[in-house]
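The values are calculated or read from the model by the stated rules, or taken from the named source; none is laboratory data. Computed from a predicted structure; not experimentally measured. Here the Cβ positions follow ideal geometry from the backbone for every residue, glycine too, while neighbour counts run over all protein chains shown.
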Amino acid sequence: MGVYTFVILFFFIICIKSEEQLNSGSISNGHCVDDIRALRQELGALREKVFLQETEILRQKGEITQLRQEVVRKPKQSVPPQSVPIQGGSQQTDQTSSIESFSQLHKWSNTKRLLMNSANISSSSTSASPKIAFYANRIKENHNLAVHQALIFSNDLTNVGNCYHHSTGTFIPNISGVYVFDVTILLCSPGHELRTDLVVEGNVMAGHYTGDSTNCSNGGGMAVLHINAGDSVWVRVQTSDGTNGIAWESSFSGFLLYAD
């Protein structure tokens, strides 16, 4: 503001002195008259420019004041980065400070709003998502099992949603969706073998093999299946050579990947 005011006063004084000299007859050249008119036009343009810049500065100060009031009304969870107050100084310094402050407050406000929206979406999604998972081991009957006999994993260590029934060895979900199942069979009958099935409503969905070892042998596998609410899922013997010695470390587990 000080620089432009000085320039305006300078041109104004020159115009007044030139006009006095013209009126007194000390200047008679026509070119001087043209110079005075040009100076008056430049003076008018400078006045208009100063007016526009003052208006722009006032507008920016009003926006910054409004943003600061909104920040004060919000809960103080974080501090806006480098909020620069506008104080006295030249017009160029005030304008630069106003623009930087407005830009920083604008970025901080946008970032805070995005974080709050993300937290709300994450919270609502987590609370609305069903939770079903189970893990069981220790087969109830683990010797000389017959063909198509169900393997009852009686020790359920995890049973989120209470959909696994340790008394029958069946998993019956109450929500339709895609589930992940894992079967692990540890056979401790050297020289013997055992094949098992993962069954859904009487239909074989996956098969497992273990055996033919001089010591204990490990077998099983994982399956990703769509299961309807109310369907029964269990593990059964497919074929056997007559001797079974299934160790307690054998397990049956599963969880809901996503609901329909």
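Residues in segment 161-206 that are of a type in the set (Gly, Ala, Ser) and under 29 Å from Asp241 (Cα atoms): 6 in all. State all residues of segment 50-87 that are at pLDDT 75 or above and of a type in the set (Gly, Ala, Ser); if no residue qualifies, say none. Within segment 50-87, just Gly62 meets the criteria. Could you please let me know if Ile175 is more than 21 Å from Ala146 (Cα to Cα), touching a residue at least 24 places away in the same chain (Cβ under 8 Å) and surrounded by 16 or more Cβ atoms within 10 Å (Cβ to Cβ)? Judged against the criteria, Ile175 is a match. Counting only strands (runs of 3 or more DSSP E) wholly contained in segment 156-260, the ones carrying 2 or more residues that are among the small types (Gly, Ala, Ser) and within 31 Å of the chain's Cα centre (by Cα) occupy 251-259.
Once segment 178-218 is narrowed to residues that are in contact (Cβ under 8 Å) with a residue 24 or more places away in the chain and on the phi > 0 side of the Ramachandran plot, the residue that is surrounded by the fewest Cβ atoms within 10 Å (Cβ to Cβ) is Glu201. Sub-6 Å Cβ pairs linking a first residue in segment 238-260 that is free of Cβ contacts under 8 Å to residues at least 60 places away in the same chain to a second residue that is surrounded by 15 or more Cβ atoms within 10 Å (Cβ to Cβ), at least 6 apart or interchain, are Asp241/His192, ordered by first then second residue.
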